[in-house]
Amino acid sequence: MQRKVLFLAVAVFVVFACVFAACGTDGSLKKVRLNEVTHSVFYAPLYAAINLGYFAEEGIELELTTGQGADKVMTAVLSGEADVGFMGPEASIYVYNEGQEDFAVNFIQLTQRDGSFLMAREPDPAFSWEKVRGKSIIGGRKGGVPLMTLEYVLKKHGLMPGRDVEVLTHIQFALMAGAFTGGEGDYVTLFEPVATELELAGAGHVVASVGRDSGEIPYTAFSARRSYLEQNRELMEKFTVAIYRGQIWVQEHSPEEIAKVIKPSFPDSDEAVLAKVAARYKEIDAWAATPHFSADAFERLQDVMELAGELSQRAPYAELVTNEFAEKALASVR
């Protein structure tokens, strides 16, 4: 009798283990190497999916690394050091236009606005973009979406970079905050939680949201080489389901709840700071509600790139975006 009870207990344990770990026939998770462009609360749906166990439930062991720049992430993807890249879709357009045969294809959109904030050295509740005239802004890497979006906003307000305002592009993305606190530039554009942390330290003050002023744009997306997507369709469908569940979760929960869930991904950040940051991103509607990447969004991105003088020729949406996995995720979740 005891042996039967023990056997039943073990059987139940195995069933539940497989359910919660989404184990395959050999009980193992399939590894996906993901390289993210930077580590920011701006990507809360991704960290929610990780920390809530959605990837594990889909049978995925996620190996996360940070590239610090879309150019570095794309290099990792094309070289095979990463399976999936998380970066601005502009990188895939550059690669395609360079004639790369096994180019990167975007298959999930995560954010729909610029996630950076313009910071000044002093508080300015009456800020207007006209105030940057004759000043300098640390703006990011030339050819990157953060810089192009900033320039798009400046031109929208009648300010021509290089003539009416100096935009500094020689400072690496990861060093922008340090350069600003060290005295370089009158303004800087920073992502969260760095912007809020600088505010708390009294080293800078958020005066504007670049994303609010730029309007909707497909700012960051997941992409992988065309060959990888073709060879790993089922795995990438599961990957997309995990992300979509993370998107749904952040849409349905408060900034305080989001902060609590993503805190393990930001162990050095105070939970109250994370909540404040999440509230900022919710306020500007930064996160895409689904993984679907529309043709209109893709063309709008190319409009911004053309206006910045960074696009030699427009790339075809049908080649560089697939919604195959997004559509399957939308059909299977809920």
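Does region 242-252 contain at least one residue that is touching a strand residue (DSSP E or B) at 6+ places or on another chain (Cβ under 6 Å) and within 30 Å of G80 (Cβ to Cβ)? Yes, region 242-252 contains a residue that is touching a strand residue (DSSP E or B) at 6+ places or on another chain (Cβ under 6 Å) and within 30 Å of G80 (Cβ to Cβ).
The residues of region 101-139 that are of a type in the set (D, E, K, R), closer than 18 Å to A208 by Cα and touching a Ser or Thr at 6+ places or on another chain (Cβ under 9 Å), listed by number, are R113, D114.
Okay, residues lined up against (1) under 17 Å from the mean Cα position of the chain (by Cα); (2) closer than 16 Å to A104 by Cα; (3) buried (at least 18 other Cβ atoms within 10 Å of the Cβ); (4) not assigned by TED's automatic domain parsing to the domain that holds F325:
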| site | (1), (2), (3), (4) |
| --- | --- |
| F222 | yes, yes, yes, no |
| V241 | yes, no, yes, no |
| Q247 | yes, no, yes, no |
| H253 | no, no, no, no |
| P264 | no, no, no, no |
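Would you confirm whether or not region 304-318 contains a residue that is touching a helix residue (DSSP H, G or I) at 6+ places or on another chain (Cβ under 7 Å), part of a loop (DSSP other than H, G, I, E, B) and at pLDDT 95 or above? Scanning region 304-318 turns up at least one residue that is touching a helix residue (DSSP H, G or I) at 6+ places or on another chain (Cβ under 7 Å), part of a loop (DSSP other than H, G, I, E, B) and at pLDDT 95 or above.
Conditions (1) more than 25 Å from E151 (Cβ to Cβ); (2) assigned to a helix (DSSP H, G or I); (3) not assigned by TED's automatic domain parsing to the domain that holds T181; (4) not hydroxyl-bearing (S, T, Y), marked per residue:
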site	(1), (2), (3), (4)
A49	yes, yes, yes, yes
E63	yes, no, yes, yes
M74	no, yes, yes, yes
S92	no, yes, yes, no
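Yes/no per residue for (1) among the charged types (D, E, K, R); (2) under 18 Å from Y54 (Cβ atoms):
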position	(1), (2)
R225	yes, no
R245	yes, yes
I258	no, yes
D296	yes, no
E319	yes, no
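The set of residues in region 95-129 that are surrounded by 20 or more Cβ atoms within 10 Å (Cβ to Cβ), part of a helix (DSSP H, G or I) and in contact with a Gly (Cβ under 9 Å, 6 or more places away or on another chain) is empty. Residues in region 167-216 that are farther than 19 Å from H39 by Cα and among the acidic types (D, E) were compared, and the one that is surrounded by the most Cβ atoms within 10 Å (Cβ to Cβ) is D213. The set of residues from region 163-175 being modelled with pLDDT under 95 and of a type outside the set (F, W, Y) comprises T169, H170, I171, Q172, A174, L175. Scanning region 277-291 for residues that are out of contact with any strand residue (DSSP E or B) (no Cβ under 7 Å at 6 or more places or on another chain) and either closer than 25 Å to E237 by Cβ or surrounded by fewer than 16 Cβ atoms within 10 Å (Cβ to Cβ) (or both) gives A279, E283, D285, A289, T290.
The values are calculated or read from the model by the stated rules, or taken from the named source; none is laboratory data. All of these numbers come straight from a predicted model, not from anything done at the bench. FYI the Cβ positions are ideal-geometry reconstructions off the backbone, even for glycines, and counts take in every protein chain you see.
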